[in-house]
Every structure is written in C-alpha cells, then in structure tokens.
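First up is the structure itself, then whatever we jot down about it.
The values are calculated or read from the model by the stated rules, or taken from the named source; none is laboratory data. What you see is a predicted model, and the numbers here were worked out from it, not measured in a lab. Cβ placement follows ideal geometry from the backbone for every residue including glycine, while neighbour counts extend to all protein chains displayed. These accessible areas exclude ligands, DNA and RNA; they are computed on the full protein's heavy atoms, side chains included. Shrake-Rupley method; radii C 1.70, N 1.55, O 1.52, S 1.80 Å.
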Amino acid sequence: MIKQYIFAFALLVALGGFTFTVIRIVNFFNLTRPAFPVRNWSKRFSIMLGIAFGQTRILRKPVMGPLHALVFWGFCVILFGSVEMVIDGLSGMEHSLKALGGLYNVITASGDIFALIVGIAIIVFLVRRFFLHIKRFEGIEMKAISHMDAKIALLMILYLMISLQGMNMANLGLQKLNPENASGVYPASRMLVHFFPAVSLTGMRILYEFFWWSHILMIFVFANVLPYSKHFHVFMSVPNVFLSRLEPLGKLPTMDHVTREVRHMLDPSVALAVTLPDAPVERFGIRDAEDLSWKNYLDSLACTECGRCTSVCPANLTGKRLSPRKIMMDARARMKQKGPGLVKNGRSYTDQKSLIRDLVTEEELWACTTCNACARECPISINQPILIIDMRRYLVMEEGSAPGLINTMFSNIENNGAPWQYSQDDRLLWVKDLEINNNENNILC
Ligand code: SF4
Ligand code: SF4
C-alpha cells in the first residue's frame, strides 16, 4: 500500500508540473492571432498518417532517416508499457494488462525489441553529437545551450531504454525463480539476460523495483523537462503536422483588408460585394511575439532544431546570414521572453525589444528567396517562409522600410504597373526593331 501512496504522490507532482506548463503555453496561444480555419479533416488525417506516423519525410535520408523513424515508432509502442506501469503503480498490481492474453505478449515483445533498437539508435545519435562534426548541427543559432539541451535529452532517453530493458531482464529473472508469476514475452531481454547478475530472489526483486521506479520517475521528469527543451517536438510534432497549412507551398496567404482595398481600386463593383469584418487592422505583418499567428507559434514549439531546412536553404548555402531554423528558434525564444509580461499586463505591454531587429535582422529577412525548399524539407511540416514574409510585410507596410532596389520596384509597380522602369506605353517598343511581318506585328500590337 505504501508503494501506491508514494507512486500517487509522484504522479500528482508530475501532473501538477505538467499542468502548470500546459496552462502557461495555452496562455501564450491565447495571445496569438488567427491563421486559417482548420477544415478538411480527412485530408489532415491522411497527411498525419503519412508524414507523422509514416515518417515519410524523415525516411528520405538513407541511414539516419530509418534510425529516427525507428525511434519514433519505438516511442509509440513503448507508450503502452508506460500506461501499464501507471495502472500498476496506482492499483498496486503487477502487469495489470496481462489479462489481454496474446495481445499482451505482442505488446510486451514489441516494446522489449524497440527498447533495444531505440537504445542503439540513441547511442548513435550521442556519438554524432559528442564526437562527430555534423555541419547540420552548427550555425549562429546553435549556442552551447542548444547542444547541451540535445545531449541531456538524449541521455535521458538512453536511461529510459536501459531501465526498461533492466526491468524486463529482472522480470525474466523473477520468472525463472518463480515460474508461476510468468507474464509477457521479452525476446531482446532474453538475449541480453546472460549479462545480468545472477542473484537470489530477493536480490532480483530489488533490481526489478530499482529499474521500475527509476524508469517511471524518469518518465515523469522527462515529461516536465521536455516542454522547456528542443525535444518538445515529441509532443508537438504530430499535432503540428495535423494542423499544417493545406495550400500549395508557393501560394502566399493574402491579407483580407489589403485584398479588399486592391479590389476596390481595380473594380469598385466587386469590392462592394466583398463582406469583411470592419475591425481596424491592429498591425500589418509581424513585428513581435503578440503578432504571431497560432500556427507560427505552434511551428516554433514543434521545431526540432534538426537543421534540415537550413541545410537546403540557398541563401544560407551561399553564405547569407539567413537560417530558417534560426527564424523558428527566435520566434519561440521571443514568446518565452515576452509572453509572461503580455499575459500579466495585456497586449500593450512592452519590454522595449522586438522580434524584428533584436532577434531577427532585416538582413536575414530580405535574404529569403521564398523558394520554399525549407518548408518542403522540414520533417514536421513547419512553414518558415510564411513567417519570414509576414515580418517583411511589417517592415514594408508599417515602416516603409525595404532595401533600395525593392523600393524602386514598388515605385515602378505603382507608376508603371510593372516592376520595370518603363512606361506601359513603351512596353512593346522592342518589337519595332524585329524583322517580323506586318500581320504578326499587328497581332502583337
Ligand atoms: S524559402 Fe527562404 S528561408 Fe526557405 S529555403 Fe528558400 S530562401 Fe531559405
Ligand atoms: S524548421 Fe523543421 S527542418 Fe528546420 S530545424 Fe525546425 S524541425 Fe528541422
């Protein structure tokens, strides 16, 4: 009974800490702006099954892709075992789900095999992090704390797998000494059990309890540490894929109020038919944390800092300062920095800083070619160019601040209806010097 009380207390503390974090994040989401209506659920489910559960984008990489995918699938399978541990802890039972019979054997066997696979994969990731110089993990945004964060999370996962395997091996030892209590199938642990110390029944029970408690307590700690680390994607990546933008990547979202103005300029009769809310526009584009849409913020929370986006960004590859990964990390960091003040004091709160300039420079924003290579590469469907474009929109529409050549282009569009410096009347002058017959010339003119 005492074990149940201790477990219930630990679970309560873990849930309390996690609830505090969830409330904090929900409060930050409440500050964000609308993005797009979430419709077409069947399409969203199929995208989630393919990209999130099928790991289709991750599997594009021949070696590390399958390893990452196996870790993800392993987590999903091992989750069943964790649920059983919580039921056991609260009820005081052992292997409470063994009533599932054959299915229980399948669950325990696959969990045991995946524990070994995930453990091996994590060791490979740690070797890469500690000993190899992987270019994708470097960049101006990758500070020492980012590397440390990744290593600590990997070490925690490694311990989770070691303790799970240790628990399974001790369980096998207990079953051997007391066959009446046999439950579950553990093929990987059976293979490794020879390395396990041969001890008495009491010793085996102590080992089992040690691994059981250290595993479940590590899960509680891990769940509370994750939201403050890059490994928050463990929770956020699946919802982020589900809620991804369904429009083609190259199609930029228009701004309703601006669209109305433009339509009005082009054709007043069409403009009259457009019904839009008349609320004044708070801000064009994004300047700071409170201007982010819920999708921008969700993207930033889901970012794994893997650097796949930056590794294909033509601006970054040609030596520009822009790194799409940094843009996402900056958005997340800014909300973390300013969010508590905004929640406490309202949207008018200012700390005399802003996302633009204090974290993201204009140079970075204007280096983007909007090629969408980053968004295409991102394994969890983050859309970096949309955030970049919205920050540019702020610069242009609120500050009238754009590089000189772009300002010239804006003037040309305004005056000539085209990006070039020629009057519309002169557009076809180049045809005059061509040797083409009169009929074709007439058609062109
Ligand atoms: S859209 Fe912009 S940030 Fe993304 S890869 Fe292209 S240039 Fe880089
Ligand atoms: S935005 Fe996507 S591709 Fe880029 S670092 Fe984050 S998760 Fe990786």
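Observations
- Checking GLU282, GLU261 one by one, the residue that is at pLDDT below 90, of a type in the set (Asp, Glu) and over 18 Å from PRO34 (Cβ atoms) is GLU261 and no other.
- Number of the condition not met by MET1 [criteria: (1) surrounded by 12 or more Cβ atoms within 10 Å (Cβ to Cβ); (2) touching a Gly at 6+ places or on another chain (Cβ under 8 Å)]: (1)
- One residue from LEU103, LEU90, LEU70 being surrounded by fewer than 19 Cβ atoms within 10 Å (Cβ to Cβ), within 17 Å of HIS215 (Cα to Cα) and either modelled with pLDDT of 90 or more or among the polar types (S, T, N, Q) (or both): LEU90
- Where helices (runs of 4 or more DSSP H) fall wholly inside the range 277-365, the ranges with 2 or more residues that are open to solvent by less than 20 Å² (accessible area, probe 1.4 Å) are 294-302, 308-312, 324-345.
- Counting only helices (runs of 4 or more DSSP H) that sit wholly inside the range 186-242, those with at least 1 residues that are open to solvent by less than 70 Å² (accessible area, probe 1.4 Å) and aromatic (Phe, Trp, Tyr) are 201-225, 233-242.
- Which listed residue is within 16 Å of ligand 2 (Cβ to nearest atom) and more than 25 Å from ILE51 (Cα to Cα), from LEU359, LEU395: LEU359
- Given (1) over 25 Å from PRO37 (Cβ atoms); (2) within 16 Å of ligand 2 (Cβ to nearest atom), index of the condition ASN345 fails: (2)
- Within the range 300-342, if we keep just the residues that are closer than 19 Å to GLU138 by Cβ and polar (S, T, N, Q), the residue that is farthest from ligand 2 (Cβ to nearest atom) turns out to be THR318.
- Odd one out for GLY166, checked against (1) within 32 Å of the chain's Cα centre (by Cα); (2) outside any helix (DSSP H, G or I): (2)
- Residue check: LEU387 meets all listed conditions (1) part of a helix (DSSP H, G or I); (2) touching a Lys or Arg at 6+ places or on another chain (Cβ under 8 Å); (3) of a type outside the set (Lys, Arg) but one, namely (2).
- The range 141-167, subset under 19 Å from ILE117 (Cα atoms) and in contact (Cβ under 8 Å) with a residue 60 or more places away in the chain, residue surrounded by the fewest Cβ atoms within 10 Å (Cβ to Cβ): MET156
- Pairs, first free of Cβ contacts under 8 Å to residues at least 60 places away in the same chain and open to solvent by 10 Å² or more (accessible area, probe 1.4 Å) in the range 379-391, second away from ligand 1 (no atom under 12 Å from the Cβ) and not acidic (Asp, Glu), C-beta under 9 Å, six or more apart: none
- Positions within the range 246-270 being touching a Lys or Arg at 6+ places or on another chain (Cβ under 7 Å) and either surrounded by 13 or more Cβ atoms within 10 Å (Cβ to Cβ) or within 27 Å of MET328 (Cα to Cα) (or both), in sequence order: LEU246, LEU249
- Selection count, the range 31-66, where residues are free of Cβ contacts under 8 Å to residues at least 24 places away in the same chain, assigned to a helix (DSSP H, G or I) and closer than 30 Å to LYS338 by Cβ: 0
- Search result, residues across the range 365-413 that are farther than 21 Å from MET236 by Cα, more than 8 Å from ligand 1 (Cβ to nearest atom), among the polar types (S, T, N, Q) and in contact with a helix residue (DSSP H, G or I) (Cβ under 6 Å, 6 or more places away or on another chain): SER401
- Meets criteria (in contact (Cβ under 8 Å) with a residue 12 or more places away in the chain and within 30 Å of ALA69 (Cα to Cα)) for ALA402: no
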